Structures are given as C-alpha cells and as structure tokens.
C-alpha cells in the first residue's frame with residue numbers, strides 16, 4: 001500500500017457539494033496526516049473563501065453546467081468540456097494524484113473523467129436521494145460510488161456502490177474556524193420549548209413568511225423560545241416584525257453556533273438539503289421539512305420523503321405552506337412530547353455518522369466496518 005497518498009476532491013460551488021468534501025478531507029487528515037489534498041472546482045467566492053478558511057489548497061478549472069439555458073449556451077458549455085478536460089489532465093499529472101473523489105457539481109466531471117483516462121482510482125459521492133446530472137453521468141465511469149440514502153435513484157447497492165451516509169464536516173478545529181463566543185442559548189431556560197427556524201444560510205422567503213404568520217396563531221407560547229435564521233436579505237424585515245410582539249426570539253441572518261442550537265432545539269423547521277438532514281438524523285431532532293421546490297430534479301422532496309415515510313419528520317410542500325397549516329403542526333407537536341420522541345428515535349435510526357471516515361478509509365485502503373455494499 002502506498003503511503004503519502006495524494007487526493008484530489010473535485011466539485012463544489014454550493015455548500016451541499018463542498019461541505020461533504022471538506023468532511024472527507026478532515027477525515028483523511030485524521031487518519032493519515034501526511035496525505036496530500038487538493039480541491040479543484042470553480043472560482044465562486046463561496047467556494048474560494050470557504051476552502052481558504054478551512055486551510056485547504058484549491059485550484060479552478062473552466063466549466064459550466066450544460067443543463068438549462070439556451071441551445072447556444074448548451075453548445076458553448078459542451079465545447080468547454082474539452083477545455084476543462086485538458087486542464088484536469090494537467091492538474092492530475094502535475095499534482096501526481098492517486099485518487100480523485102467527485103463530490104458533485106459540474107466542475108467534478110472533467111476531473112473524474114481525466115482520472116479514469118489516466119488509470120487513477122476514482123469515486124463519486126452523492127448527497128441526495130435523486131442524483132444530479134453530473135453524478136448520473138459519472139456513475140457509469142467512476143470506480144466507486146458512495147451514497148447517502150439507501151434508495152438513491154439509479155444507484156442501487158452493488159459491489160461498487162456503498163451506503164455510507166452524508167459526510168459531516170467538523171465545525172471546529174479547521175483553520176480559521178475559531179470559536180466566536182456567541183451566546184445564542186444563554187437566555188434559554190431548561191423548560192423552554194425551543195423552535196429553530198431556518199432556510200439555510202441564504203434564508204427562505206416562504207418559510208419566513210409562513211412562520212411569522214404561524215407564530216401569531218399559536219395560543220400557548222408562554223414557554224416558547226424561537227431562534228430564527230432569516231438569511232441576509234430578510235434579516236431587517238423579520239427582526240422588525242418581532243419587535244413589540246411579546247415573543248422571546250433571537251433572529252439573525254446567520255448563526256455561527258448552529259450546531260449547539262440544533263443540539264438544544266425541541267423542533268426544527270427547515271428545508272430538506274442532504275447536509276441538514278444528515279445533521280438532524282445524527283442529533284435525533286424532530287422536524288417539519290419544507291423542501292425547496294426549485295432544487296434540481298426536485299431532490300429535496302425525495303430527501304424529505306425518505307424521512308417522512310419513516311415517521312422521522314413531517315413534510316409539507318412549499319406550495320401548500322401557509323401560516324395556519326404551520327401553526328397547527330407546531331401546536332400539535334408541542335402538545336405531544338411522545339410524538340416528538342418517536343420522531344426523534346426514527347430520525348436517529350436513519351443516522352450514519354461515519355460517512356467521512358468510511359470514504360477516507362476507502363481512499364487510504366484501510367478496512368472500515370462502515371463500508372456497506374450489497375445487503
């Protein structure tokens with residue numbers, strides 16, 4: 001077995017793709033600190049700045065999504081595949097890569113393809129129950145497939161497909177990720193019923209609207225404490241709404257201590273991104289899920305249905321979301337601790353907390369019990 005392996009993690013742009021890659025990189029560092037790691041993706045500010053904060057090297061290639069847009073745009077994007085493939089071949093040879101892991105996003109396609117052309121070991125990691133176009137294509141050529149859901153469309157368990165769950169990055173210990181000293185939970189009493197409302201770092205207008213309507217309809221709210229992550233665009237509007245409402249609430253665009261808030265939450269109201277759901281499963285948190293209706297191939301609905309069908313969460317479609325309906329769901333769950341307990345247990349039953357370690361072990365050729373292929 002070769003030591004000092006050199007690993008390229010390809011893809012990113014969004015947190016849903018990038019954070020699992022960071023989690024695997026952290027696991028590689030923990031298992032074999034001498035491992036060389038290079039991220040290759042886009043020049044999107046989020047991707048560049050996030051990897052800089054975590055201290056990982058990063059290179060970019062020229063690539064664009066082919067799906068959507070005009071015919072001329074698709075033709076141009078397809079032409080760029082050749083350019084990106086040449087760039088990918090150069091990076092792999094120059095970096096002396098032993099392994100290429102694609103984590104989704106259109107920039108991962110050329111790197112995994114180049115890896116196969118050069119005879120290097122390759123794999124893809126799919127976060128969602130419905131794969132995106134890039135991973136659907138790469139599933140035919142990648143040497144190994146890692147999935148997060150047992151029923152991932154088009155990727156049944158077989159000798160090259162492993163169910164490991166979605167890798168979850170460490171919230172502390174990375175370069176630049178120092179403790180902020182925030183004390184969001186200081187005013188929360190042990191007997192308080194804490195509701196966490198979030199549409200992700202960018203917020204969700206429909207969730208913000210429905211919850212602000214719902215909270216006014218809830219009759220028993222004396223012991224309710226609300227943590228509302230509004231997203232940057234809605235922070236002023238939502239904080240103004242809460243003024244003079246007599247509610248105990250902390251509303252901000254973003255919370256750096258989100259893991260601690262999730263740990264304390266009695267109920268979470270959120271979208272259904274794969275990363276968020278993996279965290280809630282590991283923590284065993286009952287949730288009301290409102291899938292983002294414009295997610296590619298409606299994958300958030302498939303993610304949420306995977307949990308709601310198992311009694312781990314309640315799901316409501318964005319188009320059906322109203323203040324009245326949300327108020328009713330919150331009141332029912334608040335009044336029924338046994339129901340919340342059952343949901344929490346069902347959530348935990350779906351948890352797979354060792355995904356990052358399992359993928360890192362495969363890359364490093366280290367046996368790992370979390371690697372599960374055919375069942």
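The values are calculated or read from the model by the stated rules, or taken from the named source; none is laboratory data. Just so we're clear, the structure is a prediction, and the values are computed from it rather than from any experiment. Please note: Cβ atoms are built from the backbone with ideal geometry, for glycine as well, and neighbour counts cover all protein chains shown.
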- Message: Condition first: surrounded by fewer than 24 Cβ atoms within 10 Å (Cβ to Cβ), under 21 Å from residue 147 (Cβ atoms) and either at pLDDT 95 or above or not assigned by TED's automatic domain parsing to the domain that holds residue 336 (or both). Now tell me which residues in region 284-304 satisfy that.
- Response: 291, 301
- Task: With respect to residue 109, determine if the residue is crowded, with 23+ Cβ neighbours inside 10 Å and either touching a strand residue (DSSP E or B) at 6+ places or on another chain (Cβ under 8 Å) or over 21 Å from residue 62 (Cβ atoms) (or both).
- Result: yes
- Subset of region 240-263 that is within 26 Å of residue 293 (Cβ to Cβ) and not in a loop (DSSP other than H, G, I, E, B) - its residue that is farthest from the chain's Cα centre (by Cα): 241
- Message: Please verify whether residue 340 is surrounded by 13 or more Cβ atoms within 10 Å (Cβ to Cβ) and under 30 Å from residue 123 (Cα atoms), treating the condition exactly as stated.
- Response: no
- Scan the strands (runs of 3 or more DSSP E) fully inside region 90-166 and keep the ones with 2 or more residues being in contact (Cβ under 8 Å) with a residue 12 or more places away in the chain and more than 25 Å from residue 357 (Cβ to Cβ). none
- Could you say whether any residue in region 201-213 is closer than 30 Å to residue 334 by Cβ, in contact with a strand residue (DSSP E or B) (Cβ under 7 Å, 6 or more places away or on another chain), modelled with pLDDT of 95 or more and not assigned by TED's automatic domain parsing to the domain that holds residue 101? yes
- Message: Any residue at all in region 345-361 that's part of a helix (DSSP H, G or I), at pLDDT 90 or above and exposed (fewer than 14 other Cβ atoms within 10 Å of the Cβ)?
- Response: yes
- Test set (1) in contact with a helix residue (DSSP H, G or I) (Cβ under 8 Å, 6 or more places away or on another chain); (2) at pLDDT below 85 - residue 78 fails condition number: (1)
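From the list 184, 179, 230, pick out the single residue that is over 30 Å from residue 115 (Cβ atoms) and modelled with pLDDT under 90.
179
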- In region 217-233, what residues are surrounded by 12 or more Cβ atoms within 10 Å (Cβ to Cβ) and in contact (Cβ under 8 Å) with a residue 40 or more places away in the chain? 217, 218, 224, 227
- Query: Of the residues in region 42-61, how many are surrounded by fewer than 18 Cβ atoms within 10 Å (Cβ to Cβ), in contact (Cβ under 8 Å) with a residue 40 or more places away in the chain and part of a loop (DSSP other than H, G, I, E, B)?
  - Reply: 1
- Go through 318, 309, 369, 266 for me and flag whichever is surrounded by fewer than 19 Cβ atoms within 10 Å (Cβ to Cβ), outside the structural domain of residue 225 (by TED's automatic domain parsing) and more than 17 Å from the chain's Cα centre (by Cα). 369
- Note on the structure: Restricted to region 151-160 and to residues being over 18 Å from residue 297 (Cβ atoms) and surrounded by fewer than 16 Cβ atoms within 10 Å (Cβ to Cβ), the residue modelled with the highest pLDDT is 160
